[in-house]
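Quick note: the coordinates plus some simple rules give every number you see, no bench work behind them. Note that the coordinates shown come from a computational prediction; the quantities given were computed from them, not determined experimentally. Cβ: placed from backbone, ideal geometry, glycine included. Neighbour counts: every protein chain shown.
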Amino acid sequence: MEEHALNRFEIARIIGARALQLSLGAPPMIEIKKGILDPIELAKEEFKQDAIPLLVLRQ
């Protein structure tokens, strides 16, 4: 089976879920750059670096 890229809705869901985890005190999975305080921005950076520990399961 061919591996599919994530669509924009899946990306938004992953970033939103991870931002919620971060805002509730979860430890960041990457080194925080200066100036990043917003959990959404941190979650986006984690996504760019492929460091978010979440999976998308399709049926």
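Taking trypsin sites (Lys or Arg not before Pro) as candidate sites, keep only those in a DSSP loop with at most 16 other Cβ atoms within 10 Å, then name the longest stretch of the chain containing none of them.
1-32
Each residue of region 23-28 in turn: what ³J(HN,Hα) in whole Hz from Karplus with 6.51, -1.76, 1.60 and θ = phi - 60°, glycine and Pro shown as x?
5, 8, x, 5, x, x
Run the numbers on the chain and let me know its relative contact order in percent, using alpha-carbon pairs under 8 Å that are six or more apart.
Relative CO of the chain lands at 36 percent.
State the extension gain, in nm to one decimal, for the chain segment bounded by His4 and Leu55, taking 0.36 nm per residue of separation less the distance between their alpha-carbons.
Once the chain is fully extended between His4 and Leu55, it gains 17.1 nm.
Using θ = phi - 60° and the Karplus relation 6.51 cos²θ - 1.76 cosθ + 1.60, list the HN-Hα couplings for region 53-59 in order, rounded to whole Hz, with x at every Gly or Pro.
With coefficients 6.51, -1.76 and 1.60, one gets x, 10, 10, 10, 9, 10, 10 Hz.
Give the Kirkwood hydrodynamic radius (Å, one decimal) of the chain, defined as one over the mean of 1/r across all pairs of different Cα atoms.
Result for the chain, one decimal place: 12.1 Å.
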